[in-house]
Amino acid sequence: MMRGVRDILVKEVKETFRNPRYLIFTILFPLLIYPIMGYMFGFSFSAAQETISKGTVLVVDLDKSSFSHLLTDYLKESGLNVIESDPNSLNNTEYLIAIIIPKGFSESILNGSQPVLKSRVNVGSISFMTMSIVSIPQSILEGFKKYIGSEILIENNIDPRIIYDPFRIDTLVYVREWGRLVPQPQLSMYIMNIYIWPWILFGLIISILQISTVFLSEEKEQKTLEILLTLPIDRKAIILGKILGSSIVAISATASYIVGFVLYIVLGSTFFSMVDGFTEILNTPLHAIILMSILFFLELLFTASLGLGIAVFAQDTKAAESLAGSFAMPLMLLILAGSMLDLESLPLIVKYIYYAIPYSYMIKAFEHMLLNDYSYFIFGSVITIIWLIIMLFIISKIFSSEKLLTMRVRLWKRRRGVKE
Amino acid sequence: MYAVEVKDLVKYYGSFMALKGITFHVDEGDIYGLIGPNGAGKSTTLRILATLLKPSSGVARIFGYDVDKDADRVRRIISYLPEEAGGYKYLTGFEYLSMNAKMYDPENFREYVEYGIEISGLGDRIYDRIGSYSKGMIRRLLLARALMMKPRLAILDEPTAGMDVVHATVIRDIIKNVAREDVTILLSSHNMLEVHYLCNKISLINEGRIVASGSPSEIIDSVNASNLEEAFVRLVRG
């Protein structure tokens, strides 16, 4: 290895991993946020079920009729902790759910005048779990509606399926680009993941861009750059050390995102397992995941070198972060264009430009992974490598000149010359 | 062969001429001072000699190596301390010295680090993070970094800048001691007393031009001044 590369690399890694800002935003944040999201999806559902099974369901029966008794029994059989009570008990707030069966409930059902069955849900505060708590008794009551309807129909010798489920629906969506039919529930799952992924990577790219930009701009701000440039090592060793340092940052950040995402899936499995198409995503072949990971890693490496290139123009970390942040908008537009537009219908030149941008390939990476389209990843990786080489060439040219010390941009205003 | 040879050196920043054809030389073993007010061209000269900036025209050689064409070779025999310099706040002083020493001599870096620790006078604080150091401690660490390798030429830009009297005295003594070990020193300062104490030869620089060169006493005598400060004022005002 070129002399000095290892020392620069070790320095960058030590500096980065001892920096609380980096640890919080790049390592801890994805490790916490995704599992928390998974927890919200998965455990809020089971926690809501548990809350309902433990909570008290007050039934205030003002009718005392056959259907009201039937409803009370139905609620008990559904596993709810039912307590029959009088209207005064509604004043205390100890109950979880209160169901008030109005006077004339049975009679009104039979004469078709649609009685109103009032239910009250008592929640401490509004949270993600509230939706599940409210929806579970609602669906039990909906089930009861169907149940008594079925009872009435059976009494009159009519098969309830004729009324409630006269035919089944099987919707398949043919995706021309994919060349295959996809069941509608699976498509919803695909779309959710296809559109979420680029935005997760968007966050990662912007954070790597800012970190790699800071790698160099901090040398300027801490006034360490001049000493670094007079050390008896090749300037290419400095670049390589910094790029490798950034790549370790990229690897650790990616690993953190992957661990976070796996935890998100595991913790949210109670919720996701209910969604069709989830199993297919879990069964993605390993080599497809590896190819996608290589593409992502190359894109992050390119991002690190881009950050180093941007930092040449920045005088301090504030200017560097501002310059790096200015890449967020074009990247967002690229993701929106890639996600929303039908690329096949675009003019040829626009299509070429789109596919010449390394970041274009991450936008539909998830989709192509599901389709086992490996050529997409190989082509994307080649394009990214070409850009990486171009970027490294430009940076090495700048590092070998005095421009690194004399080119300065402070909040977009260019200053000429340097201070003596 | 001169340790430093500067001939008709010119440096432009855009259209601004920072150096207007300066000429001087430093003999091996000298402690040579460049003196002048802020903006005179001292730092630009030192930055060119440290291979950071390229000369617009003229010659700048260190032990016979051209600072532009043989920059890699020059960097192997010099060390440079900028006027405004800092350390890596998340590294310890020890790690900082080790990192630098390894780049000069990966095999024998330990002995240089030990010497660096001795020069810095930081004691056990050398194992603390640089971020916790005072300004004076950082300057001592950086000076130790510049001198621990016993380079053939140490280029020190305002070595005692921003330091109190006590710390500045310590640093001056360090420079004097290191110079006894075959290290040629080229330093800049606007502190005339410091230069008089440290340097055996000096050049007075003003507005990008050398206005006088020689030993401090020669310069003082040449204008019948009582001290270097007075001599400088007389020379600048003509």
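The values are calculated or read from the model by the stated rules, or taken from the named source; none is laboratory data. Values in this document were obtained by computation on a predicted structure and should not be read as measured data. Here Cβ is always computed from backbone atoms with ideal geometry, including for glycine, and neighbour counts include all displayed protein chains.
The table for this structure:
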| quantity | calculated |
| --- | --- |
| Extreme residue, surrounded by the most Cβ atoms within 10 Å (Cβ to Cβ), among residues of the range A:1-22 that are within 36 Å of the chain's Cα centre (by Cα) and hydrophobic (A, V, I, L, M, F, W, C) | A:I8 |
| Matching residues, the range A:200-230, being modelled with pLDDT of 80 or more and over 30 Å from B:I130 (Cα atoms) | A:F202, A:I205 |
| So B:T23, is it within 27 Å of A:E219 (Cβ to Cβ) and either more than 13 Å from every other protein chain (Cβ to nearest Cβ) or crowded, with 21+ Cβ neighbours inside 10 Å (or both) | no |
| Scan of the range B:101-116 for residues that are closer than 15 Å to B:R140 by Cα and surrounded by 19 or more Cβ atoms within 10 Å (Cβ to Cβ), ordered by number | B:V113, B:Y115, B:G116 |
| Matching option when the condition is over 20 Å from A:S212 (Cβ atoms), surrounded by 21 or more Cβ atoms within 10 Å (Cβ to Cβ) and in contact with a helix residue (DSSP H, G or I) (Cβ under 8 Å, 6 or more places away or on another chain), among A:L291, A:L306, A:L301 | A:L291 |
| Subset tally (residues that are aliphatic (A, V, I, L, M), surrounded by fewer than 11 Cβ atoms within 10 Å (Cβ to Cβ) and at pLDDT below 85) for the range A:148-176 | 1 |
| B:G36 buried (at least 22 other Cβ atoms within 10 Å of the Cβ) and within 12 Å of another protein chain (Cβ to nearest Cβ) | yes |
| Test: residue in the range B:103-125 that is in contact with a Phe, Trp or Tyr (Cβ under 9 Å, 6 or more places away or on another chain) and free of Cβ contacts under 8 Å to residues at least 24 places away in the same chain | yes |
| Check on B:K135, at negative phi, in contact (Cβ under 8 Å) with a residue 24 or more places away in the chain and facing another protein chain (nearest Cβ under 8 Å) | no |
| Evaluation of B:A71 against (1) modelled with pLDDT under 95; (2) at the interface with chain A (Cβ under 7 Å from one of its Cβ atoms) (one fails), failing number | (2) |
| Residue among B:L34, B:L49, B:L53 that is of a type in the set (A, V, I, L, M) and at pLDDT 95 or above | B:L49 |
| Which listed residue, of B:F63, B:F109, is away from every other protein chain (no Cβ under 13 Å), among the aromatic types (F, W, Y) and more than 26 Å from A:E221 (Cα to Cα) | B:F63 |
| Scan of the range B:139-165 for residues that are aliphatic (A, V, I, L, M), surrounded by fewer than 22 Cβ atoms within 10 Å (Cβ to Cβ) and more than 13 Å from the chain's Cα centre (by Cα), ordered by number | B:M163, B:V165 |
| Output for the range B:1-38, where each listed residue is of a type in the set (G, A, S) and either in a strand (DSSP E or B) or without any contact (Cβ under 8 Å) to a residue 60 or more places away in the chain (or both) | B:G14, B:S15, B:A18, B:G21, B:G33 |
| Of the criteria (1) of a type in the set (G, A, S); (2) surrounded by 17 or more Cβ atoms within 10 Å (Cβ to Cβ); (3) out of contact with any Pro (no Cβ under 9 Å at 6 or more places or on another chain), which one A:S106 fails | (3) |
| Qualifying positions in the range B:142-163 - in a helix (DSSP H, G or I) and within 11 Å of chain A (Cβ to nearest Cβ) | B:L142, B:R145, B:A146 |
| Contacts under 6 angstrom Cβ, first residue in the range A:301-314 being assigned by TED's automatic domain parsing to the domain that holds A:K403 and at pLDDT 85 or above, partner outside any loop (DSSP other than H, G, I, E, B) and aromatic (F, W, Y), 6 or more apart | A:F302/A:W387 |
| Filter result for A:I394 (surrounded by 13 or more Cβ atoms within 10 Å (Cβ to Cβ), among the hydrophobic types (A, V, I, L, M, F, W, C) and either without any contact (Cβ under 8 Å) to a residue 12 or more places away in the chain or within 30 Å of A:P285 (Cα to Cα) (or both)) | no |
| Whichever residue in the range B:171-216 is hydroxyl-bearing (S, T, Y) and out of contact with any Leu (no Cβ under 9 Å at 6 or more places or on another chain) and, among such residues, is modelled with the highest pLDDT | B:S215 |
| Residues within the range B:189-207 that are in contact with a Lys or Arg (Cβ under 8 Å, 6 or more places away or on another chain) and more than 18 Å from B:S217 (Cα to Cα), tallied | 1 |
| Subset tally (residues that are β-branched (V, I, T) and either assigned to a loop (DSSP other than H, G, I, E, B) or at positive phi (or both)) for the range A:78-104 | 1 |
| Flag for A:D73 being free of Cβ contacts under 8 Å to residues at least 24 places away in the same chain, among the acidic types (D, E) and not in a loop (DSSP other than H, G, I, E, B) | yes |
| 2 or more residues more than 30 Å from B:V10 (Cβ to Cβ) and within 23 Å of the chain's Cα centre (by Cα): qualifying helices (runs of 4 or more DSSP H) within the range B:54-132 | B:93-104, B:109-120 |
| Test for A:S89: is it buried (at least 17 other Cβ atoms within 10 Å of the Cβ) and outside the structural domain of A:I251 (by TED's automatic domain parsing) | no |
